[in-house]
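All of the numbers you see were taken from the coordinates with simple rules; none came from a lab. Keep in mind that this is a model prediction, so the values were computed, not measured. Cβ placement follows ideal geometry from the backbone for every residue including glycine, while neighbour counts extend to all protein chains displayed.
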Amino acid sequence: MLLVGMLDSPYVRRAAVTGTLLGLAFEHRSVSVFRHMDEFRAINPLIKAPSLVTDDGTVISESLLIIQHFEDLAGRSLRPVEASARIRDLSLTGIGIVAADKAVAIEYERKRPEGQRHAPWQERIVAQLHTALDLLDEAALGGEIAAGPELLPSDIAAAIAWAWPIDRE
C-alpha cells in the first residue's frame, strides 16, 4: 500500500499514525497537492491528500475512509470496545478533527491576498479553533486524553491538533 501526502497535513498524519499503530505495512510518499500537483494528479485525479493506493491499485481518498480501511485490514480498531468509552472517544476524535479543519482553514485564509480576506469569516474560524482546543484541553485535564496504556483515535487527533503551528492567543 502507498499513502500519499505531506505529513504536515493533519489528515495525512492521522492516517499514517493510525496505520502504524495498527501494525500495517505501507509506504509513504511525500507529494504536495500544491507544489507537485501534476505528480499528485497522476496518482489520484482528485488531487486529494491523503490518498491511499491499495495493493490492487484502488485509490481511497479521505482520511476517515483510509483509517476505516486500515482497521478492516488489521481486523481491529484502536477505539475502546465498551460502548460509553467508545462514544466518548468518537466525540473527542471529532473535536480534534474540527480543530484540525479550522487550523487548515486559517492557513488557507492566510494565503489569500489581504484584500480578499473576509474578517468576519476569519474571526469565526479562529473562534471555532479556540473552542475546539479549549474542549480538548478540558478533556486532557479531566484525564480523558492519553489516559490509558494504548493510544486511542482521540489521543491521536488531539496530539495532531495541538501540534498544528497556529497561534492560540
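Pick out which of Leu78, Leu46, Leu92 has the largest mean-square fluctuation in a Gaussian network model of the chain, springs linking Cα atoms closer than 10 Å.
Maximum among the listed residues: Leu46.
Which entry in (1) 10.9; (2) 12.7; (3) 9.9 matches mean projected area of the Cα convex hull in nm² derived from the coordinates of this structure?
Answer by label: (1).
Would you order His69, His118 from fewest to most other beta-carbon atoms within 10 Å of each residue's own beta-carbon?
Starting with the residue having the fewest Cβ neighbours, the order is His118, His69.
Give me Ile95, Ile67 ranked fewest to most by other Cβ atoms within 10 Å of their Cβ, as a rough exposure proxy.
Neighbour counts put them in this order, fewest first: Ile95, Ile67.
Most fluctuating residue of Glu114, Glu150, Glu123 in a GNM of the chain with Cα springs under 10 Å: which is it?
In this elastic network of the chain, the residue with the biggest mean-square fluctuation among Glu114, Glu150, Glu123 is Glu114.
Taking the Cα centre of the stretch 1-96 as origin, sum charge times position over the Cβ atoms of Lys and Arg (+1) and Asp and Glu (-1), and report the length of that vector in debye to the nearest 20.
Its charge dipole is roughly 300 debye.
Return a whole-number percent for the relative contact order of the chain, with Cα pairs under 8 Å and 6 or more residues apart as the contact set.
23 percent
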